[in-house]
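Each value in this text was obtained by applying a stated rule to the coordinates, not by laboratory testing. It should be emphasised that the depicted structure is a prediction, and the values quoted were computed from it without experimental measurement. When we count neighbours, we look across all protein chains shown, and the Cβ atoms used for this are built from the backbone with ideal geometry, even at glycine.
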């Protein structure tokens, strides 16, 4: 259901803290395009149109292709992703759909094998952050379509 007005104003101290937390994830040791694929996938799973719009635009600005962005929704079946990207997307699915579904050890082990310990930690923080932002955007009825990425 599309809403024209926000449900709740979430600006203030909490919002500023989330922004600082989110900004810190941009410095983590993970390819910027993979960061955006993670954000797009989690946002798709959470049904956050605002964040899907934002992060597909950011991914394109990072050089991501339309074909791969469309395929994120069905990444299990798409041949366009590297083993490291597949491991990160599997981790995204597992951590985003965590309620009632324990994190499989094999997903964690595969992500660490493909991304390394630092990459696994970075991917985890990015997943945690985008899941929080999805909830903020959904609670606040943020509208998709108006976001534009910063000029390079």
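To the nearest ten degrees, helix 13-25 and the longest principal axis of the Cα atoms of the chain are 30 degrees apart. Using only Cα atoms, find the angle between the long axis of helix 49-61 and the longest principal axis of the chain, and express it within 0 to 90 degrees, rounded to the nearest 10. Its long axis makes an angle of about 60 degrees. Of the residues 119, 100, 140, the one that moves most in a GNM of the chain with alpha-carbon contacts below 10 Å is 100. Summarised in one figure, the compactness ratio Rg/Rh of the range 73-152, Cα atoms and Kirkwood Rh, is 1.03. Exposure proxy for 22, 43: other Cβ atoms within 10 Å of each Cβ, ordered fewest to most, give 22, 43. Among 130, 138, the ranking by other beta carbons within 10 Å of each residue's beta carbon, starting with the fewest, stands as 138, 130. Taking a ≥ b ≥ c as the square roots of the eigenvalues of the Cα gyration tensor, the range 43-92 is oblate, since a/c reaches 1.5 or more and a/b is not larger than b/c.
Against the chain, whose longest principal axis is taken from its Cα atoms, helix 105-139 shows a tilt of about 10°.
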